Every structure is written in structure tokens, then in C-alpha cells.
Amino acid sequence: MASTQLSLIGTLSAELHAQVVARLATAAEQGLAYSTTETFFERGTEPIAADENVLRLRETQLARNGSKVFRSVQVLQKPESARISPEILQRSLTEASIAEGDAFEFVSSLGYQRKRSSYQKGIRFIRGAVEVLIYQLFETSSSTTAIDPQSYTVTVTTRSANPRAPGGGGGGGAGGSASQQGPSAQDLKNEAIERLKETRAVLQGLVNLSRGGE
């Protein structure tokens, strides 16, 4: 599924972790402990540049679902320039769920090579169409001590659907076609931006969220 991913990122000191969790617990509809392994792939031998296309395999386990692992392949396109979107990081995203089979073999068959992995553990909150992750990074999936025990990363993410182009052919004048069209891509993106800003306001005073690094 193709969409535009919009996100904010910030750093949270360990001393404020409990306050942020408590605030989100009252503002969000759902909060669950989670762990995620992200494996990054690239084609060829050149290292992945931060602002280039990235293919990653995500494997997420939520506390509520026990041993069930949700797997997906994501292709993240180059982010929009900070001059166009100075406050929020925006980039096109194509994602496909993997229901069964060897995910690594599937990605390798597309011509990609595995380069590195990262391991997150934290809490995942859902507030409407916005996902808030509060997590730490670990050396391995089985590590019990975070790489930096004194801080957490906070990401606030939502998506804006990419409207389908109007179908060709068929009858109907220009007025009839326009009346059946839904919101434009920019309208949907503006709505997504407002969702992010509302969630940022919930965390105001505790976490400074910005476009961050790319």
C-alpha cells in the first residue's frame, strides 16, 4: 500500500519517562509494550545514505499478542526537502505485509542485500490515526540493557493516503467527475499534519518534537 509517512522525533530523558507514559495513557486509546527488529537492505555495495531510498524489513511483537510477530516490508523514498516541509519529515512509503514464508529470502530475491539491524523495545501508543513510540535501542533482540539507559527516543508518526487517480474512459462530463472526486492529496496531507500537531501539543513541556535527522 502506498502512502505518505509524516513524522516527528525527539529525545526523552529517563527521568521524564514515567510522566510521558502517564500523559499518553490518558490521551491515547491504546498503549502496549512492544519490541521491533528493523533490518535494512540495500542494492550493490554502496552504503545507505540517510536521504536515499531505503528498504527495511520490520518484525514487531506486541505484548497483548504474545508470540505473534507482525512482519512487513517497507520501501521509504527520499524525504521531501526541509525547505518544502520544515517542521515535519515527509516521505513516500510503500508497505506490504508478509503473512508467511521466509521474509529474508523474499527480500533477497528482489536483489537486496542485508546490511544492518536495529532492535527497539518500548511502549507503543495509538491516538486515532497517530502512532507514538517511546523506545530504547539494544545491541541484540535478547539484550536486557539499553545502549543508552539514560534516554528514550520518541517518534510520532501518521500516514496520508495517496488518492487513486481518476479512472480513464467512461462517460460523465467534467462537472460530474469533479463532484465524485474525494479530497486531494494535499488535503489529506494537511489533515495528517494537523493530527501530528495535536499529538505534539499533548506532549508539550515534556518532549521537544521536530523534523529531526533524516
Measure nothing fancy, just the Cα-based angle from helix 17-27's long axis to the longest principal axis of the chain, in degrees from 0 to 90, nearest 10.
40 degrees
Subtract the Cα-Cα distance of GLU87 and ARG114 from 0.36 nm times their separation in residues, and report this length gain in nm to one decimal.
6.5 nm
Under a GNM of the chain (C-alpha, springs under 10 Å), which listed residue has the highest mean-square fluctuation: GLU87, GLU100, GLU15?
GLU100
Can you work out ³J(HN,Hα) from phi for every residue in the stretch 181-190, in order, using Karplus 6.51 cos²θ - 1.76 cosθ + 1.60 and θ = phi - 60°, giving whole Hz and x for Gly and Pro?
6, x, x, 6, 4, 5, 4, 5, 5, 4
Neighbourhood charge, 14 Å Cβ-Cβ cut-off, centred on GLN61 and excluding it, Lys, Arg +1 and Asp, Glu -1
+4
Multiply the residue separation of ALA63 and SER151 by 0.36 nm, subtract the distance between their alpha-carbon atoms, and state the gained length in nm to one decimal.
29.5 nm
Give me the Kirkwood hydrodynamic radius of the stretch 61-155 in Å, from all C-alpha pairs, to one decimal place?
16.3 Å
Taking a crude spin-label model, label points 7 Å out from Cα along the C-beta direction, the ASN208 to SER72 distance in nm is 3.1 nm
MRE, 222 nm, helices only [DSSP H, n ≥ 4, -39500 (n - 2.57), over the chain, to nearest 500]:
-6000 deg cm²/dmol
Note: the chain at 4 °C, 1.567 mPa s; Kirkwood Rh on alpha carbon pairs; Stokes-Einstein D in µm²/s works out to 68 µm²/s
Counting only protein heavy atoms and using a 1.4 Å probe, what share of the accessible area of the chain belongs to carbon plus sulfur, as a whole percent?
50 percent
Name the residues of the stretch 121-151 whose amide N is less than 18 Å from a point 7 angstrom out from the Cα of GLU15 along the C-beta direction?
149-151
Assign unit charges at the C-beta atoms only (+1 for Lys and Arg, -1 for Asp and Glu), then state the dipole size of the stretch 75-169 relative to its Cα centre in Debye, rounded to the nearest 20.
280 debye
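The values are calculated or read from the model by the stated rules, or taken from the named source; none is laboratory data. As the structure is a computational prediction, the values presented were derived from the model and not from experiment. Positions of Cβ are backbone-derived with ideal geometry, glycine not excepted, and every protein chain shown enters the neighbour counts. Surface accessibility is based on the protein's heavy atoms, side chains included, excluding ligands, DNA and RNA. Shrake-Rupley method; radii C 1.70, N 1.55, O 1.52, S 1.80 Å.
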